[in-house]
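Bear in mind that the values in this text are calculations on the coordinates, not laboratory data. Since we're looking at a predicted model, the values are computed, not measured. Virtual Cβ from ideal backbone geometry, glycine too; neighbours counted across all protein chains shown.
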C-alpha cells in the first residue's frame, strides 16, 4: 500500500459508544495530523504529532483522544460523542523537518455519524 | 500570522472555457503556497505548490497557478475546463515558523457545466 490509509471509511455510533479511527502512512513522514471537516465549515486542525510527540492540540474536547504509537500510525479514540461531532475526519502526513517545503498528503477520510 | 482567503464560495464556468479560482495570502516572509482539490466524500488531493522560482507553477490535471507577490495572490487556473473538474478547491499556506502547521482557505466550489 502507498500513501495515507484511513479506516474505517464510514462509522455510525451512538453517543455512549467507544470507537477508534485509524490512520497509517507509508511515506516515511515524521508528522501526522487529524483534521475535522464539517459541512459548510472551514477545515479544522485538531491535532498534530511530530516525531510521535503531540505538538498541536487546538482546543479539542476531551471526548477526542489521539494516540501516535509510532511515526507511521495515528489513532483518534472517540467516546461519548455528540451529534454535532458528525463530520468527515481527515488524516494527513508531511515531512515536518525544518526547511522542508513538502505538502500534506491526505487520506480518504472517515465519515463519522453520531446518532 | 499566516492566512489565506478564498473570496468566492462558488465559481461557475462552462465546459471548454478557462477557469480561475482565486486565493490571496497574508504571510510575513516568502510564502509556501499550495492548492488542493476535494471530490465528494474523498480526501484532499494535492494539485500544485509554489515555493520559489518561476511565478507560473504547473500541476496535475492541466491546472496551473500564478504567484503574484505584489498582489499577494496565488490564483488557480486552467485554460479549458472539464465537467470532471467540478469539485471543491482549497488554497493553503505553510507556516514558515512552525513547519507543522498549514492554514487552509474556506474552499471554493467549482461547477463546470456541459
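Residue by residue through A:30-40, how many Cβ atoms from other chains fall within 10 Å of the Cβ on average?
2
Scaling against 2.2 N^0.38 Å puts the C-alpha radius of gyration of chain A at 1.02.
Translational diffusion coefficient of chain B (Stokes-Einstein, Kirkwood radius from Cα pairs, 20 °C, 1.002 mPa s): 152 µm²/s. Per-residue shielding of A:50-59, expressed as the average number of other chain Cβ atoms within 10 Å of the residue Cβ, stands at 1. Each part gets one Cα centre, and for segment A:21-49 versus segment B:1-68 those centres are 20 Å apart. The orientation-averaged shadow of the Cα convex hull for the protein assembly as shown, equal to a quarter of the hull surface, comes to 12.6 nm². Among beta bridges identified by DSSP and lying wholly in chain A, the antiparallel ones come to about 90 percent.
Per residue of peptide B:102-110, the mean number of Cβ atoms on other chains within 10 Å of the residue Cβ is 3. Sorting the segments A:52-63, B:57-68 by their mean number of nearby beta carbons within 10 angstrom, highest to lowest, gives B:57-68, A:52-63.
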